[in-house]
Amino acid sequence: MTYGGDYLYSVLSASTELLAYIGTSLYNGTMVPTTDDSTETVNFYRVGAFDGGQEWFRQDWSADCRAKDEKTSRAIAWEVFRALNRKSGTIGGFDYFGVGSVGQTIPPINAEDVYNTPVTIILRRR
């Protein structure tokens with residue numbers, strides 16, 4: 001069962017505006033790999049349960065948009081939002097439609113941490 005991660009990765013990895021901020025630091029997973037020491041990263045993961053009783057497929061995702069300063073974290077989040085909000089595309093034989101929202105920036109907890117602006121993405125498909 002594909003939950004839409006392949007679609008999100010495809011769209012985000014094609015966004016030249018987003019990649020200008022993060023380079024190749026884009027991950028489908030709950031954590032950024034420890035081998036990536038970049039300060040600007042995006043990782044996305046499912047946050048909602050799959051409900052097979054729905055007439056339409058719907059899956060909720062979160063994208064953590066991290067950067068050393070708040071302004072850059074929010075800029076990355078807006079690029080993720082622009083790439084996915086009210087956009088559609090087909091991958092793996094499925095037609096997806098996304099709706100996004102940008103959350104409040106979370107400040108770092110210590111000097112080694114970075115700012116994180118989460119973006120919630122609701123994916124739907126037939």
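The values are calculated or read from the model by the stated rules, or taken from the named source; none is laboratory data. Here the structure is a predicted model, which is why all the values come from computation and not from measurement. Counting neighbours? That spans all protein chains shown, and the Cβs are built from the backbone with ideal geometry, glycine included.
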I need a count of the residues in segment 77-124 that are crowded, with 18+ Cβ neighbours inside 10 Å, closer than 16 Å to Arg46 by Cβ and not small (Gly, Ala, Ser). 7
Against the definition (closer than 21 Å to Cys65 by Cβ, out of contact with any Pro (no Cβ under 7 Å at 6 or more places or on another chain) and among the charged types (D, E, K, R)), how does Asp113 come out, yes or no? yes
One residue is enough: does segment 55-71 have a residue meeting the conditions loosely packed, with under 12 Cβ neighbours inside 10 Å and either at pLDDT below 95 or part of a strand (DSSP E or B) (or both)? yes
Among the residues of segment 15-36, which ones are without any contact (Cβ under 8 Å) to a residue 12 or more places away in the chain and more than 22 Å from Asp113 (Cβ to Cβ)? Thr16, Leu19, Ala20
With Ala49, Ala83, Ala75, Ala20 as the choices, which residue is within 16 Å of Ile122 (Cα to Cα), out of contact with any strand residue (DSSP E or B) (no Cβ under 7 Å at 6 or more places or on another chain) and either β-branched (Val, Ile, Thr) or not in a loop (DSSP other than H, G, I, E, B) (or both)? Ala83
Going residue by residue through segment 37-45, is there one that turns out to be free of Cβ contacts under 8 Å to residues at least 40 places away in the same chain, over 17 Å from Leu8 (Cβ atoms) and out of contact with any Phe, Trp or Tyr (no Cβ under 7 Å at 6 or more places or on another chain)? yes
Of all residues in segment 23-43 being among the polar types (S, T, N, Q) and part of a loop (DSSP other than H, G, I, E, B), which is surrounded by the most Cβ atoms within 10 Å (Cβ to Cβ)? Ser25
Over segment 110-126, the set of residues part of a loop (DSSP other than H, G, I, E, B) and touching a Lys or Arg at 6+ places or on another chain (Cβ under 7 Å) is Val114
